[in-house]
1. Under the 0.36 nm per residue contour assumption, what length would be gained going from the current alpha-carbon distance of Asn304 and Val348 to full extension?
2. Which Cα, out of Ala244, Ala292, Gly307, lies furthest along the positive dipole direction of the stretch 222-318 (beta carbon charges, K/R +1, D/E -1)?
3. About the Cα centre, and with charges only on the beta carbon of Lys, Arg (+1) and Asp, Glu (-1), how big is the dipole of the chain? Nearest 20 debye, please.
4. Can you flag which of Lys52/Lys133; Lys63/Lys229; Lys63/Lys296; Lys3/Lys113 are past 32 Å Cα-Cα?
5. Suppose each label sits 7 Å from its Cα in the direction of the beta carbon; what would the Glu254-Ala76 distance come out to in nanometres?
6. Using the charge dipole of the stretch 67-161 (Lys, Arg: +1 at Cβ; Asp, Glu: -1 at Cβ; taken about the Cα centre), state which of Gly121, Val107, Thr68 has its Cα farthest towards the positive end.
7. With unit charges on the beta carbons (Lys and Arg positive, Asp and Glu negative) and the dipole taken about the Cα centre of the chain, which residue among Ile333, Ala235, Ile8 sits farthest to the positive side?
8. Just need the relative contact order of the stretch 1-128 here, percent rounded to a whole number, with Cα pairs under 8 Å and 6+ apart.
Amino acid sequence: MRKWGGLIARYGARLAISQSVEPVTLYEGDTPLIPAPRLGDAVVPGGQLFLKYEGLNPTGSFKDRGMTTAITQAVADGARSVVCASTGNTAASAAAYAARAGLKCIVLIPDGKIALGKLAGAVAYGARVIAVKGSFDDGLRMVREASERAPVALVNSVNPARLQGQKTAAWEVTEQLGQAPDWLCLPIGNAGNITAYWLGFCEDEKGLPRLLGAQAAGAAPLIQGKQIKNPETRATAIRIGNPARWQEAVSALERSNGHVLSVTDDEIFAAYHMTARLEGIFCEPSSAAGVAGLIKSVASGKVNPEGKRFVCVLTGHGLKDPDSAVDGAERPISIAPTTAAFLEVLGV
Ligand code: AN7
């Protein structure tokens, strides 16, 4: 029987965190890299497309990779409480790992701007959830300042232990594909994940992909070259106007000879539906931003797909955001409980 004990058990000293305590783990990581031939035909003709399905982590997003290391480090440091600001997934993940470790968890979310499945997670795992009348960026400023004055550990990706866990996704991609892909495509919000992937690929020394980063058009500080005061997008996970790891992201994009662009909400949702309907893989809208960015880059000629291998990172599960899935979709028709009524629907 193959044993999986989570990321810290697997990678040990390759993760620069304290090794002095038992890992706090929910057996995160080891997510599948799924070939996507039908989506690939549509998106990268002449190339090959794979989806790294991070929605299959224990709380439904890639955040669990960084949370096993951040919460383990917090325990090693003697913390009793952890805090974060979050557009939702970090909150749910922090809440789960804090519960696992017996720590208190307090999360700040932007009031009214978080998907239902993420709020449900944070509440279910017993976090104290506080809604801020402002953006994620306001929340992050508040927890940064508060964690300097109060005895609480900050577990946002400004915490270096987070990147230590998240970089493992790059190692898995290279191992699963047999080599690094030509392009790795992902959404950019607070820019922790792109920073962590680049760190992982560089440390691994098994080849470097070019990075393709996508931001939502209404929350695209990297493309506009300035902070966005009131970021707006229906992809609420990446509704961020002042990314904490902005400089690291810019540097990773440059060094990888990558490409960064913005995609509209309509483009994000088109990619979201294509991924689900062509491959049966349901991700949340923000995750589809990476796919949308790839579609747009191929269409504009920035990326030539011929003979190339592409990995799109699907950062979160579609069930995180049920409203986005059903909004605007046709409602199920309602019929009498008879076979005759059903046959009529079938047109027989
Ligand atoms: C599904 O949970 O920032 O660029 O507070 O949930 O590393 O921020 C989430 C971000 C992409 C962007 N996809 O990653 C939070 C939060 C999903 C996300 C991102 C997020 P980063």
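1. 11.1 nm
2. Ala244
3. Working: 35 positive and 32 negative charges, 138 e Å.
In total the dipole reaches around 660 debye.
4. Lys52/Lys133; Lys3/Lys113
5. 3.2
6. The Cα lying farthest towards the positive end belongs to Gly121.
7. So the residue furthest toward the plus end is Ile8.
8. The normalised contact order for the stretch 1-128 reaches 21 percent.
Bear in mind that the values in this text are calculations on the coordinates, not laboratory data. Treat the numbers as computed from the prediction; the structure is a model and nothing was measured. Note that we place each Cβ from the backbone using ideal geometry, even for glycine, and neighbour counts take in every protein chain shown.
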